[in-house]
Amino acid sequence: TRFDDEVRGTDINLERDLDLGEENFPEGRLIWYTGPKSSLFFDATWANWEGEETLSQTVDIRDRTFDIGARVGSELDFQRYRIGWVWQFIDASDGLIRFGTLVDIRAVVADFSIEGELNNVSQRAEENLTVPLASLGFALDINPFKAANLFFRGSGIPNTPYGYFISGEA
């Protein structure tokens with residue numbers, strides 16, 4: 001069975017259909033340099049959306065049907081946590097260029113709820129999702145001066161039921 005065949009519900013655009021608009025994603029990071037070639041890090045990202053909208057299409061969520069014209073309120077809480085280890089085993093020109101591997105584990109936590117009423121019929125649907133994912137990648141540091149560090153990190157998750165994920169930062 002293909003993954004697409006198992007998905008139940010309506011394909012919706014969170015911003016257009018439920019008024020869950022643009023939101024900033026604050027992020028925090030802690031890094032512990034465990035030695036000249038390795039470090040541990042922890043990242044956290046979070047966001048919360050709330051919206052109210054009159055539906056322009058019928059929406060099915062968790063075996064609940066919200067009909068066209070229903071006024072719905074919805075909320076989405078999102079958090080992403082990541083813990084990882086960088087080991088830069090290649091050190092060229094006395095620290096000018098360092099290259100190595102990055103291994104991390106991510107957890108995405110999402111809580112979604114929608115509540116609406118049409119013709120005096122009120123209903124609510126909720127979905128809670130926690131997804132742990134491990135990824136592999138690379139870490140490159142270029143240190144042209146003692147006071148300057150250019151870094152590049154990239155990691156990815158191949159072939160999941162949702163496709164593949166690649167993330168990077170510089």
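Rounded to the nearest 500, what is the 222 nm mean residue ellipticity of the chain from helices alone, with -39500 (n - 2.57) per DSSP H run of 4+ residues and division by all residues?
Values: 1 runs with 5 residues, N = 170.
Value at 222 nm, helices only, nearest 500: -500 deg cm²/dmol.
Between rounded, prolate and oblate, where does segment 51-130 land on the alpha carbon gyration tensor, with a ≥ b ≥ c its root eigenvalues, rounded for a/c under 1.5, else prolate if a/b exceeds b/c? Mind dumping the intermediate values first?
Values: a/c = 5.62, a/b = 4.18, b/c = 1.35.
In terms of gyration-tensor shape, prolate.
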May I ask you to give the solvent-accessible area per residue for the chain, in square angstrom, as obtained with a 1.4 angstrom probe? 66
Largest fluctuation, V109, V131, V121 only, Gaussian network model of the chain with Cα springs under 10 angstrom, belongs to V121
Would you mind telling me which residue in D11, D43, D111 has the biggest mean-square fluctuation in a Gaussian network model of the chain, where springs connect alpha carbons within a distance under 10 angstrom? D11
A student applying the Cα gyration tensor rule (rounded when a/c is under 1.5; otherwise prolate if a/b is larger than b/c, oblate if not) would label segment 76-170 prolate
Return the FRET efficiency for the residue pair D77, F145: r is the Cβ-Cβ distance, R0 is 41 Å, and the value is rounded to the nearest 0.05. 0.45
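Round to the nearest 0.05 the FRET efficiency obtained for A44 and N120 when R0 = 41 Å and r is the Cβ-Cβ distance. Please report the intermediate quantities before stating the final value.
Numbers: r = 43 Å, r/R0 = 1.04.
Efficiency at R0 = 41 Å is approximately 0.45.
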Would you mind telling me the share, in percent, of accessible area of the chain contributed by carbon and sulfur at probe 1.4 angstrom? 55
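Provide the FRET efficiency to the nearest 0.05 for the R64-L133 pair, computing r from the beta carbons and using R0 = 30 Å. Walk me through the numbers on the way to the answer.
Values: r = 28 Å, r/R0 = 0.95.
According to the calculation, E is roughly 0.60.
What relative contact order, as a whole-number percentage, does the chain give when Cα pairs under 8 Å and 6 or more residues apart are counted?
Details: 392 pairs, mean separation 27.3, N = 170.
Taking the mean separation of contacting Cα pairs over the length of the chain, I get 16 percent.
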Approximate spin-label separation N13-S56, in nm, with each point projected 7 Å along Cα-to-Cβ: 0.7
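The values are calculated or read from the model by the stated rules, or taken from the named source; none is laboratory data. Since this is a predicted model, take the numbers as computed values, not measurements. Virtual Cβ from ideal backbone geometry, glycine too; neighbours counted across all protein chains shown. SASA here: full protein model, heavy atoms, side chains in, ligands and nucleic acids out. Shrake-Rupley method; radii C 1.70, N 1.55, O 1.52, S 1.80 Å.
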